[in-house]
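What follows is calculated from the coordinates using simple rules that are stated; it is not laboratory data. Keep in mind it's a predicted model, so treat the numbers as computed, not measured. A quick note on method: Cβ atoms are made from the backbone with ideal geometry, for glycine too, and the neighbour counts reach across all protein chains shown.
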Amino acid sequence: MARGPELCGVSLMRLTCVAGILALLFWSERIVVFMSVEQDNIHQEHATQGAKTILPKDGLTVDSEKNDLPTEAAGTKMRAKKLGKIPRRKEKVNPHDFHYIIKEEKFCEKLSEPPYLLVLICSYHDREYSRLAVRETWGSVSQSQSWVDGRPLNQAVKILFFVGTHIVSSWNKKIAHESQIHSDIILEDYTESPFNASIKTIGAFKWAAAFCPQAKYVLKVEEDVFIDIPKVLDILSHSNTVYGARHAKFSVQRNGQWAVPYSVFPFETFPPFLGGPAYAMSLDLAKRIYEASEYFPMIVLEDAYVTGVLREVVGAEIKQFEEFGNWGSRQPSSCDVAQGKVIAGNRLEADDMLFLWEDLKDSHLREKCG
C-alpha cells in the first residue's frame, strides 16, 4: 500500500488528520462562546428596542424645544441639561413579556399571614451554595420569624430567589430540582447574563405585584449580601421612598460593555441612585417602577436604571443609609454587624456567611468586639 511522505517518522496524512481535529475542537469552543454572546446581544437589543420613543410621565427632561429625545447623531452635538417636561408615550417600548417557567404563584396565598417584607434575591444558577448559605443564616427568618439571638421579628418576612434561563439546559434542570426541595425559586425565560440584571429585577417586581400583592415592602438583594433583617424592618416607614446607599453625579458611559446610547438616555450623569447590592421600597412603588419600565428603554446598569432613572420618572424619593453595602465595600465582620454598623454587607461567599452567622450566635460578641 502506498504511503504518504514521512516527517520525523510520522505520515503527513496523519499529521493533517490530527491538525484537522485540533482545529475543529478550537473552533467548536469558539462557536459555543459566540452563540452565548449572540444570545446576550439579542436580549440587549430586545431590552433597548424603541430607543427613539418618548419617556413615560414627567420627571426626566431634555434640552429641546420640541421635547424630543435626540437621535444618536444629534446626541454628539447636544447635551441634555435644561429641565423641560417630556410627555408620556402611549406605546410600550420595553414590554416585560417573558414567562415564568417556575412561578410559585401560590407562595403567598399559602402563608398564614401576608409578609410585611418580601426579600427578592437576585441569583445565578451556579450559586447553589450561596443560596443554601442564605437559607441557613439571615434568610432563615423566613421560617423561624426570629433573629439569630432569639428575638422575634416584629413583622413577617419571606425570601425568594430569582434566576433567568441558562443556555445550558442541565443548569435549568438543577434549578428545577432545587426548587422542588425548597419552593423558593422563581425561574423566568430571559437568557441569564450579567447584562440582563435590570430585566431580572423588573421581573422580580412584576412577580411580587402579581402574586404577592399583600406584601407591604420589598427588599432587592444580591446573593452575596448579608442582611440585618431587624434593622431593615426598623427603617421602613414611607411608601414613596427607596432606602439604600446613595450615589450621585455618576457619569453615563458611552463606550464599553456598560455603554448607554444618547438615544436611550441623553443626560451626562444619572439621577441619584442607590447601590445595587441591596435596597428597599414599598411594593406599591416597586409596581409603579415596573409599569414605568415598559415605557422606557432598558439600561444595563440595574441600580442606576431602577433606583435612579425609573425612580425619577415615577417621582419617588431617596433615603440614604450608609449602613447599606456598596460595590467597593469591604466584607463586613461579625463585629460590624453586632455593633449595628451594617444593614446590608456584601462580597460574602457562602462560607463567609456561615462563619459570620455562627459568630453572631455568641451572646457576648459585642463585649468581645470592644
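For region 233-285, the pair-distance distribution built from all alpha carbon pairs, in bins 5 Å wide starting at 0, is 4, 17, 19, 19, 15, 14, 7, 4, 0 percent. Whole-Hz Karplus values for region 248-260 come out as 9, 6, 8, 5, 7, 7, 9, 9, x, 5, 9, 5, 10 Hz, taken residue by residue from phi with 6.51 cos²θ - 1.76 cosθ + 1.60 and θ = phi - 60°; glycine and proline positions read x. Backbone geometry of region 177-182 corresponds, through the Karplus equation with coefficients 6.51, -1.76 and 1.60 at θ = phi - 60°, to 3J(HN,Hα) couplings of 5, 4, 5, 4, 7, 10 Hz, x marking Gly and Pro. Which of rounded, prolate or oblate describes region 247-335 when judged by the alpha-carbon gyration tensor and an a/c cut-off of 1.5? Judged from the Cα gyration tensor, region 247-335 comes out oblate (a/c at least 1.5, b/c at or above a/b). Put a dot 7 Å past the Cα of GLU105, heading toward its Cβ, do the same for GLN143, and the two dots end up 2.8 nm apart. Spin-label model, ASN255 to LYS341: label points 7 Å out along the Cα-to-beta-carbon direction sit 4.0 nm apart. Each label was represented as a point 7 Å from its Cα along the Cα-to-Cβ direction; for SER333 and TRP171 these points are 3.6 nm apart. Overall form of region 151-264: oblate. Here a/c, set by the Cα gyration tensor axes a ≥ b ≥ c, is 1.5 or more, and a/b is not larger than b/c. Put one equal scatterer on each alpha carbon of region 100-361, apply the Debye formula with no solvent term, and list log10 I(q)/I(0) at q = 0.12 1/Å to two decimals. After summing over all Cα pairs, the log10 values are -0.68.
Would you mind pulling out the separation of the Cα centroids of region 307-370 and region 266-302, in Å? Their Cα centres are 22 Å away from one another.
Once backbone amide H atoms are built at 1.01 Å from N, TYR279 has LYS220 as its partners under 5 Å, excluding neighbours fewer than 5 places away on the same chain.
Legend: distances between Cα atoms for LYS220/LYS287; LYS249/LYS287; LYS220/LYS319; LYS110/LYS361; pairs beyond 21 Å are LYS249/LYS287; LYS110/LYS361. For region 129-145, backbone phi angles converted through the Karplus equation (6.51, -1.76, 1.60; θ = phi - 60°) give residue-by-residue couplings of 5, 5, 5, 4, 5, 4, 4, 8, 10, 5, x, 5, 4, 4, 9, 7, 6 Hz, Gly and Pro being listed as x.
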